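Reading through the structure tokens given below for one structure.
The values are calculated or read from the model by the stated rules, or taken from the named source; none is laboratory data. Just so you know, these numbers come straight off a predicted model, no measurement behind them. Here Cβ is always computed from backbone atoms with ideal geometry, including for glycine, and neighbour counts include all displayed protein chains. Surface accessibility is based on the protein's heavy atoms, side chains included, excluding ligands, DNA and RNA. Shrake-Rupley method; radii C 1.70, N 1.55, O 1.52, S 1.80 Å.
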Amino acid sequence: MASCGNPSAENDALMQRRKKYDKSKTCVKCKAARGSIVIRHAVYCRDCFTDLLLYRSRRILDLSVHGGSGKKRIMKAPGNLMIGYSGGLGSSVLLDLVTRTYFTDRSEEFVQRSGMNHPRHTRVWENAYATYIDISAAFEGLQDRTEEARSCMTRYPNIELVSLRLENVFDASWWRSIGSKPEGSLAVDLNDELALSHLDLADGEDASKRALRQYLSSLPTQTAVHSAVQTLIRMLLLHTAVSRGCSHLALGTSLTSLSVSLIASISQGGGFAVREELGEDWEKEGAKLRILRPLHEIGMKECAAWAWWESLPVVGKQKIPGGKNGITSLTKVDFIVGLEKDYPSTVSTIARTCAKLAPKQVSEFRCALCQRPAQPDIAEWKGKTSIRSLDPDEHAPSANPSLSSSLCYACHTTLTSRSSRGAATQSDSPLRVPLPVWIADDQTHRSHLREARLSREQMKATIADCLLDE
């Protein structure tokens, strides 16, 4: 008679956890050295891992310069290169990879093998900049880490550090210093359907800090605050890059961070411009700028291994107070990172799937706040598809020009979304919030979008001939 075993032990034996590597501990590339790191069940030694990361980051940048033509041997970009340096892991690794690939002096062996006049000796970009943006003035308790970032940049003498502050978006004098000509400032009333009005914003650091804090503190949710900060940082990078004559802006977004951004963007209503999370082209007054993410094939684990082996100094990104309750933080900690531990292909699957998404129709309309492609008349569409109040007179349209018609769905939701925090601060009194300087410039060139809205009586008079008598 056969003895009965422990069924739970048998089930555990049948469902053993998959190994971190499939076959052996030997490097899958050179097939000789012992592996040092496992990347999606593939084993690599340290030398092959170094070549792999250099190749992946270089391939993205090279394709953006020569347009995918494999016959063109002379690599020459039409402008300079700017790197968005946040002090975090991804941007620190990107800075090191770009320096090793494009801005290091060639060895004597390379010169003898290829010759001094070889096209590969020509610099792709004449100058390179690393832009660090300090956000300490936006929130209480944050420290300015600009000097720490400056000390880390001494490792890369061929790259110039450009230090900015987040409050520069509200400083008209700073915009004039980069070549812009702001014609004034605007304020928006969050309690009156984003009605616009002129605002006399004083120049100076103190005034811009007050405007920044007022803008962020008026947003309804923690998710909105995080999205607004990211938008302000992005616009500072874009305008600074154009002012420095840059043709390419490289961001240190790893594959893991990219997947988090894609999911968070879609959940906040940014699905129309989801492809711009991977790469986009931006134009200002005839100057074209290409935004790239060279690390979008390199995960957070690979970045950490590179930083450890190369002893890279990492300042660390400044964390927004209360950001743990935002959609982006919850998506990263509770979903993406946790799922990636047991399923390493999660982030690559998300990135590949979102790269295939595209809107049904191409729109020439761009959001005034984030400057990304958007569907027009978002505010009108939201008004037709949602019930915001049971009182028909509560949201009666104002005769003042509105910002609603100039925003994308995601930015409109950022300013008008409702929550427990937003309901507590909602009142009938005007809530005038200063807007970033570039919106005022954008509104002056798109005056056709600032038409005064009709009142309810005017609407009724317009359609009076179409109504049936009671």
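Tabulated data
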{"quantity": "Count of residues meeting criterion [open to solvent by 10 Å² or more (accessible area, probe 1.4 Å) and under 29 Å from Glu297 (Cβ atoms)] in region 206-242", "calculated": "10"}
{"quantity": "Selection status of Gly252, over 25 Å from Pro359 (Cβ atoms), in contact with a Ser or Thr (Cβ under 7 Å, 6 or more places away or on another chain), of a type in the set (Gly, Ala, Ser) and at pLDDT 90 or above", "calculated": "yes"}
{"quantity": "Those residues of region 197-236 which are of a type in the set (Gly, Ala, Ser) and within 19 Å of the chain's Cα centre (by Cα), in sequence order", "calculated": "Ala224, Ser227, Ala228"}
{"quantity": "Condition check for Ser3: over 30 Å from Glu126 (Cα atoms), hydroxyl-bearing (Ser, Thr, Tyr), modelled with pLDDT under 85 and out of contact with any Gly (no Cβ under 9 Å at 6 or more places or on another chain)", "calculated": "yes"}
{"quantity": "Verdict on Ser398 being out of contact with any helix residue (DSSP H, G or I) (no Cβ under 9 Å at 6 or more places or on another chain), at pLDDT below 60 and under 22 Å from Arg213 (Cβ atoms)", "calculated": "no"}
{"quantity": "Any helices (runs of 4 or more DSSP H) falling wholly within region 271-344 and containing at least 3 residues that are touching a residue at least 12 places away in the same chain (Cβ under 8 Å) and open to solvent by 40 Å² or more (accessible area, probe 1.4 Å)", "calculated": "300-309"}
{"quantity": "Boolean, Ile298 is under 15 Å from the mean Cα position of the chain (by Cα) and either hydrophobic (A, V, I, L, M, F, W, C) or over 20 Å from Leu236 (Cα atoms) (or both)", "calculated": "no"}
{"quantity": "Members of region 245-268 found to be over 30 Å from Pro78 (Cα atoms) and among the polar types (S, T, N, Q), listed by number", "calculated": "Thr256, Ser259, Ser265, Ser267, Gln268"}
{"quantity": "Residue among Gly245, Gly252 that alone is out of contact with any Cys (no Cβ under 7 Å at 6 or more places or on another chain), open to solvent by 30 Å² or more (accessible area, probe 1.4 Å) and not β-branched (Val, Ile, Thr)", "calculated": "Gly245"}
